[in-house]
């Protein structure tokens, strides 16, 4: 009987560790997707690619499997939030991209 209890505890600990590992992986994926969306919006603002910054950011976020929560442009700087629901829990991330001083680089 003691062996069954030990096995049950070990399996419970393994399941808990797998859940935590999965949650961390999802958090990193959402953060990476938010970073990519912010960079894409900043590229549009800088004229590197054509389009509208927040529309391009939303398209990038969708391709990455996350939902773009907000997108705000302040000059050449893009600030975005992205989220994804996993097992009923919303995982979100925020990112900012653009030139350090917020101005366009010289041509």
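The values are calculated or read from the model by the stated rules, or taken from the named source; none is laboratory data. Just so it is clear, the structure is predicted and the values come from calculations on it, not from any experiment. For neighbour counting, all protein chains shown are included, and Cβ atoms are generated from backbone atoms with ideal geometry for every residue, glycine included.
Condition check ((1) in contact with a strand residue (DSSP E or B) (Cβ under 8 Å, 6 or more places away or on another chain); (2) in a helix (DSSP H, G or I); (3) within 19 Å of residue 96 (Cα to Cα)) across all residues:
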{"site": "18", "(1), (2), (3)": "no, yes, no"}
{"site": "26", "(1), (2), (3)": "yes, yes, no"}
{"site": "37", "(1), (2), (3)": "yes, yes, yes"}
{"site": "58", "(1), (2), (3)": "yes, yes, yes"}
Scan the range 32-41 and give yes if some residue there is at pLDDT below 95, closer than 30 Å to residue 18 by Cα and under 16 Å from the mean Cα position of the chain (by Cα), otherwise no.
no
Specify which of the listed residues (85, 4) is free of Cβ contacts under 8 Å to residues at least 40 places away in the same chain, part of a strand (DSSP E or B) and more than 22 Å from residue 101 (Cα to Cα).
85
Mind checking whether some residue in the range 27-42 is farther than 18 Å from residue 83 by Cα, surrounded by 10 or more Cβ atoms within 10 Å (Cβ to Cβ) and touching a helix residue (DSSP H, G or I) at 6+ places or on another chain (Cβ under 8 Å)?
yes
Would you pick out the residues in the range 72-82 that are crowded, with 18+ Cβ neighbours inside 10 Å, within 11 Å of residue 42 (Cα to Cα) and either touching a strand residue (DSSP E or B) at 6+ places or on another chain (Cβ under 9 Å) or without any contact (Cβ under 8 Å) to a residue 24 or more places away in the chain (or both)?
73, 77, 78, 79, 80
